[in-house]
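The values are calculated or read from the model by the stated rules, or taken from the named source; none is laboratory data. These numbers were taken from a predicted model, which means no experiment stands behind them. Glycine also receives a Cβ, built like all others from the backbone with ideal geometry; neighbour counts cover every protein chain displayed. Keep in mind that these areas ignore ligands, DNA and RNA; they rest on the heavy atoms of the full protein, side chains included. Shrake-Rupley method; radii C 1.70, N 1.55, O 1.52, S 1.80 Å.
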Amino acid sequence: MNYNLNFNNIAQSYLFAEVANRVAAYSKAHPDKKVLKLGIGDVTLPLAPAVISALHSAVDDMAKSETFKGYGPYEGYDFLREGIQNYYKESGVSLELSEIFVSDGAKSDLGNILDIFSKDNVVLVPDPVYPVYVDTNVMAGRKVIYANATEQNGFLPMPDYKVKADVIYICSPNNPTGAAYSKAQLKEWVDYANKVGAVILFDAAYECFITDNSLARSIFQIEGAKTCAIEFCSFSKIAGFTGTRCGYTVIPHALEKNGMNANKLWLRRQSTKFNGVPYVVQKGAAAVFTKEGMAQIKANLACYRENAKLIADCMDELGIWYTGGKNSPYIWLKCPNGLKSWEFFDKLLNEAQVVGTPGAGFGENGEGYFRLTAFGSREVTAEAVERIKKLLQR
Ligand code: PLP
């Protein structure tokens, strides 16, 4: 027996462990100080009442033989896929039900989708980036190349025809940078992918934060995307499902090459390795798309948006450069006074007792930048912002 040697090539996950270690050491040495956390990408508001009520009623269904459910469809129940289909319709995107696959979250699908692609593909990933894209490919032994996201391009790299890529990851609005592509910019990526025969893996986990109509909520709003893109989305951020687990992936029937069809390959993959998302969870997720559920969810999102605005306004007041904050729950700021990411982390922790995430942990281009999130409570966010202002105004 031999283990997969590729695991020797992935970086140990130092980032959040190191953040936790430094915070724990600080709290131990200063037990009287209240530490405020704006570092995590997890939500804090509870599930909407409409979702809770649907979950309860689905649990009751499981208690009666007439409504009990065993194994469900691999691709998800139609009642949820129809909800997703209608949600896309609101953005002007028309999908067939069979193009929608329900899953236990975007992270699983982002990793699992690699099963349908050849090992020889060259993978293009932006730097900085959500680490899952890189690690899943390195585990499988694929070559990863990077597209530089920098202050100069607003952390939104554009296609370079001199670079040959087969699989391209795009996350918009982006984690960690909060930057979001316009429809016109995405059209350039779609044209590139169609021209070179690449596939775009579009991570739309934060689409619900988009309010500006010139930005894309879905890559399928872009003409030509159905022949070159797969989209991943999630109930985690729109509806607080980080602990409940539900997401979906859209694979158009038109996505095919050399006689092989991506939608069919994925269905084959899922029916082999996946037995579906719990009925109860899918019922809860479907309630997101009811009138009542959507109104409640929008109120929660408004609360996070207001937090993001508090942080962004603070950066404006301090004259600190940043991306995000407007169509995203993330604020990606340039560390003041030329500080490196971890130096700024220590300064904020030691002098203001505020925790964020050092940008260097997301890739080389993240050095000198820092991520704050809007997912904390209003009280914590408002107090943290006051402390940051006080510290940096000096
Ligand atoms: N994609 C991005 C960019 C994320 O930031 C996250 C989670 O933070 C995910 C996907 C994972 O989403 P899920 O909870 O649906 O697995």
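A few remarks follow.
- Neighbours by Cβ (under 8 Å, 6+ apart or cross-chain): first from segment 212-240, in contact (Cβ under 8 Å) with a residue 40 or more places away in the chain and acidic (Asp, Glu); second surrounded by 24 or more Cβ atoms within 10 Å (Cβ to Cβ) and assigned to a loop (DSSP other than H, G, I, E, B): Asp212/Ala180
- Counted as qualifying within segment 22-119 are the helices (runs of 4 or more DSSP H) with 2 or more residues that are more than 15 Å from the ligand (Cβ to nearest atom), namely 49-61, 78-90.
- Residue list for segment 252-266, filter: assigned to a strand (DSSP E or B) and exposed (fewer than 14 other Cβ atoms within 10 Å of the Cβ): Lys257, Met260
- Matching residues, segment 46-103, being open to solvent by 80 Å² or more (accessible area, probe 1.4 Å), among the aromatic types (Phe, Trp, Tyr) and touching a helix residue (DSSP H, G or I) at 6+ places or on another chain (Cβ under 8 Å): Phe68, Tyr74
- Checked against (1) away from the ligand (no atom under 12 Å from the Cβ); (2) open to solvent by less than 20 Å² (accessible area, probe 1.4 Å); (3) not small (Gly, Ala, Ser), Pro278 meets all criteria but (2).
- Sole exception among (1) surrounded by 19 or more Cβ atoms within 10 Å (Cβ to Cβ); (2) more than 18 Å from the chain's Cα centre (by Cα); (3) within 17 Å of Ile84 (Cα to Cα) for Glu207, by number: (2)
- Looking only at residues in segment 327-373 that are in a helix (DSSP H, G or I) and of a type in the set (S, T, N, Q), the one that is modelled with the lowest pLDDT is Asn337.
- Within segment 125-144, the set of residues being away from the ligand (no atom under 16 Å from the Cβ) and either under 14 Å from the mean Cα position of the chain (by Cα) or open to solvent by less than 40 Å² (accessible area, probe 1.4 Å) (or both) comprises Val138, Ala140, Arg142, Val144.
- For Ser271, the test of being among the hydroxyl-bearing types (Ser, Thr, Tyr), touching a strand residue (DSSP E or B) at 6+ places or on another chain (Cβ under 6 Å) and either modelled with pLDDT of 95 or more or within 16 Å of the ligand (Cβ to nearest atom) (or both) is failed.
- Condition broken by Thr249, with the remaining ones in (1) of a type outside the set (A, V, I, L, M, F, W, C); (2) touching a residue at least 12 places away in the same chain (Cβ under 8 Å); (3) in a helix (DSSP H, G or I) satisfied: (3)
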